[in-house]
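J.: Just dropping this structure here.
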Amino acid sequence: MRLKEKIKENLQDQIDFNRLPAHIALIMDGNGRWAKQKGRLRTYGHKIGAESLTAVVRHAKKLGVKTISFFAFSTENWNRPKDEVDEIFRIVRKLIKDKKNSLIDSETKFMVIGERDRLDPDIVKDIEEIEEQTKDHTGFTINIALNYGGRGEIIAAVNKILADKLESIDEPTFRKYLQTASIPDPDLLIRTSGEQRLSNFMMYQCAYTELYFPKVHWPDFREKELEEAIIAYQKRDRRFGAIKG
Ligand code: IPE
Ligand code: IPE
Ligand code: MG
């Protein structure tokens, strides 16, 4: 057996498949720095980062993870140079178009969170079509955060609650107003590139999420790195405020 395959197998041996994180959320960070280290344009990092996304989706599904969320573009990312924003959306558009048919034909449910008002209409059209066609799929859920901000999501929820004229609210009801109403809270949040912050990603949902910050930049985060993250997660002691039994 080749050494590479052997390492791969050993890592999977360390995973307890009965205790997988049901929902993994990923903040895909470090594309720009990765490209710069290679003497390339930042946009090259986004291009290869899209390949990581595809690889991580495929592998998470194969391992048996139920839901996976990706932070692809934040409401604050509009503050970047127009050329870079355009290139990110060119990559997003192509990815969605390329995967459209295979998603519709799969067992996978596809959903996008974030505000759609600033997205190009053709991208929104494709997203809505895939969402509609996959809404009853139950095998696996892919959630993409596009023009998403956690604070904005909470404020939008409050405004919907006001419009519904509710007099008081409890946590289960509030959750129904979030864009993540149909998926559980993340068990594991991974942010690549060594940065240790949420940058406005799923703040409400991550109250008890285990946080993991690998040093690798997103374009280098692939199957092996996902397995390492799951192994690290399984070593954590999740107490949810209680004490150990
Ligand atoms: C993450 O990589 C991708 C997006 C935010 C869209 P960055 O572009 O933030 O890369 P760095 O953090 O500048 O290296
Ligand atoms: C967070 O990364 C947003 C995404 C990964 C889409 P940023 O690179 O935008 O975050 P900051 O600016 O370092 O906090
Ligand atoms: Mg960044």
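The values are calculated or read from the model by the stated rules, or taken from the named source; none is laboratory data. Everything quoted here is computed from the prediction, not taken from an experiment. Using ideal geometry, Cβ is built from the backbone for each residue, glycine included, and neighbour counts are taken over all protein chains shown. We work out accessible area using only protein heavy atoms, side chains counted, and drop any ligands, DNA or RNA first. Shrake-Rupley method; radii C 1.70, N 1.55, O 1.52, S 1.80 Å.
J.: Quick test for you: out of 178, 188, pick the one residue that is away from ligand 3 (no atom under 16 Å from the Cβ), touching a strand residue (DSSP E or B) at 6+ places or on another chain (Cβ under 8 Å) and aliphatic (A, V, I, L, M).
T.: When all the criteria are applied, what remains is 188.
J.: Would you check which residues across region 186-205 are surrounded by 18 or more Cβ atoms within 10 Å (Cβ to Cβ) and away from ligand 1 (no atom under 16 Å from the Cβ) and list them?
T.: Correct list: 186, 187, 188, 205.
J.: Here's another thing I want to ask about it. Inside region 45-60, can you point out the residues that are open to solvent by 30 Å² or more (accessible area, probe 1.4 Å) and touching a residue at least 60 places away in the same chain (Cβ under 8 Å)?
T.: Once the filter is applied, which keeps residues that are open to solvent by 30 Å² or more (accessible area, probe 1.4 Å) and touching a residue at least 60 places away in the same chain (Cβ under 8 Å), region 45-60 yields only 51.
J.: I need every pair where a residue in region 199-223 that is closer than 16 Å to residue 233 by Cβ has its Cβ under 7 Å from the Cβ of a residue that is surrounded by 17 or more Cβ atoms within 10 Å (Cβ to Cβ) and of a type in the set (Ser, Thr, Tyr), sequence separation at least 6 or different chains.
T.: 210/233; 212/233; 214/192; 221/52; 221/192
J.: Filter region 213-234 down to residues that are open to solvent by less than 40 Å² (accessible area, probe 1.4 Å), more than 15 Å from ligand 1 (Cβ to nearest atom) and not acidic (Asp, Glu), then give me how many there are.
T.: 7
J.: Let me ask another. Is it fair to say residue 42 is more than 19 Å from residue 231 (Cβ to Cβ), in contact (Cβ under 8 Å) with a residue 24 or more places away in the chain and open to solvent by 40 Å² or more (accessible area, probe 1.4 Å)?
T.: Numbers: more than 19 Å from residue 231 (Cβ to Cβ): yes; in contact (Cβ under 8 Å) with a residue 24 or more places away in the chain: yes; open to solvent by 40 Å² or more (accessible area, probe 1.4 Å): yes.
So residue 42 fits the description; yes.
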